[in-house]
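Peer 1: Sharing a structure with you now.
The values are calculated or read from the model by the stated rules, or taken from the named source; none is laboratory data. These figures come from a predicted structure and were not determined experimentally. Counting neighbours? That spans all protein chains shown, and the Cβs are built from the backbone with ideal geometry, glycine included. With ligands, DNA and RNA removed, areas are computed over all heavy atoms of the protein, side chains included. Shrake-Rupley method; radii C 1.70, N 1.55, O 1.52, S 1.80 Å.
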Amino acid sequence: MGLEQERKIWIIGHKNPDTDSICAAIAYADLKNRTENILHEAKRAGSVNEETKYVLECFQIKEPELVTDVRAQIKDISFRRTAGVNSQISLKLAWELMSTENVVTLPVTGAHDRLNGLIVTRDIATSYMDVYDNQILSAAKTSYKNIAETLKGNFLAGNKHAHFTKGKVVIETSSPDWLEEYMEPDDLVIMGGSAKSQMHAIENNASCLVICSGFAVSKEVVASAEKRDCVIIGSPYDTFTVARLINQSMPIKHFMTKNNLIQFDLEDYVDDVKEVMSKVRHRDFPIVDEENNYVGMISRRYLFNTQKKKIILVDHNEKTQAVDGIGGAEILEIIDHHRLGSLETISPVFFRNQPLGCTSTIIFQMYQEKGVEIPKDIAGILCSAIISDTLMFRSPTCTSVDRAAAEELANIAGIDIEQLAKNMFRAGSDFNRKSPEEIFYQDFKTFTADNYEFGVAQLSAMSKEELDTVRKKLKDFIPEVLEERRLDMVFVMLTDIIEESTILISAGDAADGIISRAFSASREEDGYLLKGVVSRKKQLIPALMAVMQE
């Protein structure tokens, strides 16, 4: 099936993603791409933990791309693809291009579309209205080619590829002593058809003669000009028109803005762009790619029709757990197995929420409902996610549906569930090389209840010794999280998979009181032993919230 990529849809799990969040996104993207003609891409909202890394490597599936914000970006909107121009083109040509394209700004680009500057109508007006320097043509190093094109002239002598780099512009008068009085070597002379005056100018080392009104130039004059490297341009315009137009032959490089350019990147967020535009009175702004190469122009009016990113959320429906900028995205679907959370949508969405132990079980069901065969690698990661979320069927959230799904997926993938589980949990509980921050945030979620905002991290291991190592590392780090995240309380579940119990450690003034009331548990050392409690979703969160809402 050919997939339309222009309207691609991202499928993404929660922040600090666990194995279910990552694997459900990958599998659902696969299902969507095989049943719909729009490209769906799995993304992740945080770092992949060691357990998930092991699973992806085991089944040779690439890690999803990291996305930290889903607000609309410049690359999501239609902007003007005005072509860049060379810095050597004349002001006249630039003006004509602006008129043709109906724009007031032209981007000036060099090799590989590198942005060199901008030329705007104001710059051209300045060159025409505010310049009184008769040496500005040479100061701008104007090419004779530009001069000829601006004056609709023809080259009658000299090097058409040369530039006017020294001297001033003078106009011949009828006075016999004009040459001696006004002209100096290297000047450009605007003159009529007098062969005598032409010869005098050449002999006085003029760099260029512009012969007006279509007057003929003798062979003798041409030969003399060639001998002295003097350029002769014949123009059909009269002297007044030539004098009026010649400044327009200067290259735009001399007038363009090339320093302190305000430009935007394709990856910039539209909200940030609007903020900058509100403070600057420019009409147009250039857009560059990640290599700083020019790609187009944008103005305020292009921001009115911003297309929001289209998102499908898996394994969560809490706003606090969602990727940043979710309020600026268009949510199309939510596939989850948690309690109803705080996410709100502008329009109705497809929302599938089932009381199962794992989102990946729901994805498995959707493959069956669509009649789509599950590939071996996808079956492997879906089975792994169920093992992870249900703690190999030990969690009270696990249902017979989860177990049956995992067993069927294991058959498809050709794997042994018990061996896979041991390898996964061993990879996930290798805490020795990790910092306290890496350990804490590998599975951390925030929640809101009544007037409380709190966070809960969960870490699982196959032995008490591994969990004791973690407890020591996190003891001083949890208060830092409390302050940094501005939460009322922080809880950490240290879950022993084999013993099916949890040591709960915490920070926050009200934390101890809430724990003791929720579980009638007594404090042991720096935590509370909760026997039989292994599920954050079904056992811990409901009990804590019930106390907070009393």
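Peer 1: Find the centroid of the Cα atoms in the range 250-266 and in the range 363-433, then give the distance between the two in whole Å.
Peer 2: The distance from the Cα centre of the range 250-266 to that of the range 363-433 comes to 57 Å.
Peer 1: So what is the relative contact order of the chain, in percent, for Cα pairs below 8 Å that sit 6 or more residues apart?
Peer 2: Details: 1089 pairs, mean separation 81.5, N = 550.
Relative contact order of the chain: 15 percent.
Peer 1: Within 12 Å, Cβ to Cβ, of G508, how many net charges do the neighbouring residues add up to if Lys/Arg are +1 and Asp/Glu are -1?
Peer 2: -3
Peer 1: Let me ask something additional. Could you go through the range 97-110 in sequence order and give the Karplus-derived ³J(HN,Hα) for each residue, using 6.51 cos²θ - 1.76 cosθ + 1.60 with θ = phi - 60°, rounded to whole Hz, and x for Gly and Pro?
Peer 2: With coefficients 6.51, -1.76 and 1.60, one gets 5, 4, 5, 5, 7, 6, 10, 10, 9, 10, x, 9, 10, x Hz.
Peer 1: Out of all DSSP beta bridges with both ends in the range 393-550, state the antiparallel percent to the nearest 5.
Peer 2: Around 70 percent antiparallel, to the nearest 5.
Peer 1: In addition: Residue by residue through the range 198-205, what is 3J(HN,Hα) from phi via Karplus (6.51 cos²θ - 1.76 cosθ + 1.60, θ = phi - 60°)? Round to whole Hz and write x for glycine and proline.
Peer 2: 4, 4, 4, 5, 5, 5, 8, 6
Peer 1: Just order 49-58, 111-120, 182-191 by mean Cβ neighbour count inside 10 Å, highest at the front, would you?
Peer 2: 49-58, 182-191, 111-120
Peer 1: Could you work out Rg/(2.2 N^0.38 Å) for the chain, with Rg from alpha carbons only? Let's see the in-between values first.
Peer 2: Numbers: Rg = 36.8 Å, N = 550, 2.2 N^0.38 = 24.2 Å.
So the chain has a normalised radius of gyration of 1.52.
Peer 1: How much FRET efficiency would the formula 1/(1 + (r/R0)^6) give for K434 and N260, where r is the Cβ-Cβ distance and R0 is 35 Å, rounded to 0.05?
Peer 2: Computed FRET efficiency for K434 and N260: 0.20.
Peer 1: I've got another one for you. On the accessible surface of the range 361-432, probed at 1.4 Å, how many percent belong to carbon and sulfur atoms?
Peer 2: 43
Peer 1: On average, how much area does the Cα convex hull of the range 360-463 cover when viewed from any direction, in nm²?
Peer 2: Its average projected convex-hull area is 8.8 nm².
Peer 1: Quick check on the chain: of the DSSP beta bridges with both residues there, what percent are antiparallel, nearest 5%? Could you put the intermediate results ahead of the total?
Peer 2: On the way: 38 of 80 bridges.
Given both bridge residues lie in the chain, the antiparallel proportion sits at roughly 50 percent.
Peer 1: Could you tell me how many degrees, from 0 to 90 and to the nearest 10, lie between the Cα long axis of helix 270-279 and the main elongation axis, the longest principal axis, of the Cα atoms of the chain?
Peer 2: Value to nearest ten degrees: 40.
Peer 1: Along Cα→Cβ, 7 Å out, is where each label goes; now give me the distance between the ones at E63 and I346 in nm to one decimal.
Peer 2: 3.4
Peer 1: Among T121, Y237, S90, whose Cα projects farthest towards the positive end of the dipole of the chain, with charges put on the beta-carbon of Lys, Arg (+1) and Asp, Glu (-1)?
Peer 2: The Cα lying farthest towards the positive end belongs to Y237.
Peer 1: If you don't mind, another one. Would you mind working out the magnitude of the charge dipole of the range 324-371 relative to its Cα centre, with +1 at each Lys and Arg C-beta and -1 at each Asp and Glu C-beta, to the nearest 20 Debye?
Peer 2: The calculation lands at about 220 debye.
Peer 1: Right, another one. If you roll a 1.4 angstrom probe over the protein chains with everything in place, what fraction of the accessible area of the range 44-190 belongs to carbon and sulfur, to the nearest %?
Peer 2: Here carbon and sulfur together make up 48 percent of the probe-accessible area.
Peer 1: Calculate the FRET efficiency for E550 and F304 from the Cβ-Cβ distance with a Förster distance of 35 Å, rounded to the nearest 0.05.
Peer 2: On the way: r = 49 Å, r/R0 = 1.40.
FRET efficiency, E550 to F304: 0.10.
Peer 1: Calculate, in nm to one decimal, what D272 and Q368 gain on full extension: separation in residues at 0.36 nm each, minus their alpha carbon distance.
Peer 2: 30.2 nm
Peer 1: From the protein chains alone at 1.4 Å, what is the descending order of accessible area for S194, S278, largest first?
Peer 2: Largest to smallest exposure gives the sequence S278, S194.
Peer 1: I'd like to check one number: the per residue accessible area of the chain, probe 1.4 Å, reported in Å² as a whole number. Could you put the intermediate results ahead of the total?
Peer 2: Numbers: 26180 Å² over 550 residues.
That works out to 48 Å² for each residue.
Peer 1: Whose amide H sits under 5 Å from the amide H of S460, counting only residues 5 or more places off or on another chain, with H placed in the peptide plane?
Peer 2: Excluding prolines and chain starts, which carry no amide H, the hits are T495.
Peer 1: With an 8 Å Cα cut-off and a minimum separation of 6 or more residues, compute the relative contact order for the range 429-539 in percent.
Peer 2: Worked out over the range 429-539, it gives 22 percent.
Peer 1: Name the long-range amide H neighbours of V108: under 5 Å, sequence gap of 5 or more, or other chain; modelled H, no Pro or chain starts.
Peer 2: Correct list: V85, N116, G117, L118, I119.
Peer 1: Please report, in Å, the Rg and the Dmax of the range 140-242, where both are computed over Cα atoms only.
Peer 2: 12.0, 33
Peer 1: Could you name the lysines in cross-link range of K319, using Cα to Cα under 20 Å and dropping any fewer than eight places away on the same chain?
Peer 2: Excluding near neighbours in sequence, the set is K15, K43, K308, K309, K310, K445, K537, K538.
Peer 1: Go through the range 208-293 and name the chymotrypsin sites (Phe, Trp or Tyr not before Pro) that are in a DSSP coil and have 15 or fewer other Cβ atoms within 10 Å of their Cβ.
Peer 2: The qualifying sites are F215.
Peer 1: For the range 1-149, give the share of DSSP beta bridges that are antiparallel, in percent and rounded to the nearest 5; count only bridges with both residues there.
Peer 2: In the range 1-149, approximately 40 percent of DSSP beta bridges are antiparallel ones.
Peer 1: Using the eigenvalues of the Cα gyration tensor, what equivalent ellipsoid semi-axes result for the range 39-139 when each is taken as the square root of five times the eigenvalue, whole Å, largest first?
Peer 2: Values: eigenvalues 529, 44, 29 Å².
Largest first, the range 39-139 gives 51, 15, 12 Å.
Peer 1: Each residue of the range 346-352 in turn: what ³J(HN,Hα) in whole Hz from Karplus with 6.51, -1.76, 1.60 and θ = phi - 60°, glycine and Pro shown as x?
Peer 2: 6, 10, x, 10, 7, 10, 10
Peer 1: While we're here: In percent, how large is the relative contact order of the range 6-133, given Cα pairs closer than 8 Å and 6 or more residues apart?
Peer 2: So the answer I get is 17 percent.
Peer 1: Suppose every K and R has +1 on its Cβ and every D and E has -1 on its Cβ; what is the size of the dipole of the chain about the Cα centre, in Debye to the nearest 20?
Peer 2: 1380
Peer 1: Another question about this same structure. Using modelled backbone amide H atoms (1.01 Å from N, in-plane), which distant-in-sequence or interchain residues come within less than 5 Å of G296's amide H?
Peer 2: I287
Peer 1: How large, in percent, is the carbon and sulfur part of the accessible surface of the range 217-317 at a probe radius of 1.4 Å?
Peer 2: Ligands and nucleic acids excluded, carbon and sulfur reach 46 percent.
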